[in-house]
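Chemist: Input: one structure, supplied below.
Computed from the coordinates by the stated procedures, all read-outs in this text should not be read as laboratory data. Since the structure is predicted, the reported quantities are computational estimates derived from the model, not experimental observations. Virtual Cβ from ideal backbone geometry, glycine too; neighbours counted across all protein chains shown.
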Amino acid sequence: GAVVSQHPSRVICKSGTSVKIECRSLDFQATTMFWYRQFPKKSLMLMATSNEGSKATYEQGVEKDKFLINHASLTLSTLTVTSAHPEDSSFYICSAAKGAGEQFFGPGTRLTVL
Amino acid sequence: SQKIEQNSEALNIQEGKTATLTCNYTNYSPAYLQWYRQDPGRGPVFLLLIRENEKEKRKERLKVTFDTTLKQSLFHITASQPADSATYLCALSPSSGYSTLTFGKGTMLLVSP
């Protein structure tokens, strides 16, 4: 149990376009979902925390208007990178928490902005 | 500021030996400490969680220790196998928020046959 999926796994887009990434908890209801970004050989950096039905809480330095998060249900959260630029190219990973402490991570989405 | 340090250099060991990875932290009082495995181009996979009032936890060939006085956790893989080669991430959860994780950069482990 505790499987989290992400779609797409890889996306290449042109500068200025928007990209939506989906995160789903397949076999459990997640109380909280998290979005991370990871640059090569760097640690995962938390971008935002979201609870179903409420606004996401963004970490300092993360633009909420650029990285739109919608947590529509207990099994689905989406991250939309608006007006993407090459510096947004990164590995985006979501996770879902069932309860205290343990998070289950998705396989990640590789975003490349040309 | 909060800091989590893991050995930045890759750890190379021979198959069958015990691998020991270190996680040190400063300016932090975590309620939970977790270890994850991450393969290239993949999301982290949860391995073990240890609470602040626990000294040691085991799961099959894995063992984690947590010393809140030294502010250190050690992660051991006994009888290591080439399939254990991956990057291992240490992550801490604060006392005040049960699910928010702060990750270290990870240590790459390479197990040679």
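Chemist: Listed residues A:ALA97, A:ALA2; which is over 13 Å from the mean Cα position of the chain (by Cα), surrounded by fewer than 19 Cβ atoms within 10 Å (Cβ to Cβ), within 14 Å of chain B (Cβ to nearest Cβ) and hydrophobic (A, V, I, L, M, F, W, C)? Don't jump to the end; show me each part of the working.
Modeler: Working: A:ALA97 fails: surrounded by fewer than 19 Cβ atoms within 10 Å (Cβ to Cβ).
Step by step, each of A:ALA97, A:ALA2 is checked, and only A:ALA2 is over 13 Å from the mean Cα position of the chain (by Cα), surrounded by fewer than 19 Cβ atoms within 10 Å (Cβ to Cβ), within 14 Å of chain B (Cβ to nearest Cβ) and hydrophobic (A, V, I, L, M, F, W, C).
Chemist: So B:LYS59 ticks every box in (1) more than 30 Å from A:THR109 (Cα to Cα); (2) loosely packed, with under 13 Cβ neighbours inside 10 Å but one. Which box is left unticked?
Modeler: Here B:LYS59 clears every test but (1).
Chemist: Another one. Mind checking which strands (runs of 3 or more DSSP E) fall wholly inside the stretch B:1-80 and carry at least 3 residues that are not polar (S, T, N, Q)? Quick ask: steps written out before the conclusion?
Modeler: Working: elements: B:3-6, B:11-14, B:19-26, B:30-38, B:45-51, B:56-59, B:62-67, B:72-77.
In the stretch B:1-80, B:3-6, B:19-26, B:30-38, B:45-51, B:56-59, B:62-67, B:72-77 are the strands (runs of 3 or more DSSP E) which contain 3 or more residues that are not polar (S, T, N, Q).
Chemist: So for the stretch A:37-59 (the condition being within 30 Å of B:LYS3 (Cα to Cα) and in contact with a Gly (Cβ under 8 Å, 6 or more places away or on another chain)), does at least one residue qualify?
Modeler: yes
Chemist: Let me spell it out: the conditions are (1) in a strand (DSSP E or B); (2) in contact with a Ser or Thr (Cβ under 8 Å, 6 or more places away or on another chain); (3) not small (Gly, Ala, Ser), and B:LYS105 meets all of them except one. Which number is the exception?
Modeler: B:LYS105 satisfies every listed condition except (1).
Chemist: I've got another one for you. Taking B:ILE50 as meeting all but one of (1) within 18 Å of A:LYS42 (Cβ to Cβ); (2) within 11 Å of the chain's Cα centre (by Cα); (3) within 11 Å of another protein chain (Cβ to nearest Cβ), write down the number of the exception.
Modeler: The number of the failed condition is (1).
Chemist: Going by the structure shown, is B:THR68 polar (S, T, N, Q) and within 14 Å of another protein chain (Cβ to nearest Cβ)?
Modeler: On the way: polar (S, T, N, Q): yes; within 14 Å of another protein chain (Cβ to nearest Cβ): no.
Spelling it out, it is not the case that B:THR68 is polar (S, T, N, Q) and within 14 Å of another protein chain (Cβ to nearest Cβ).
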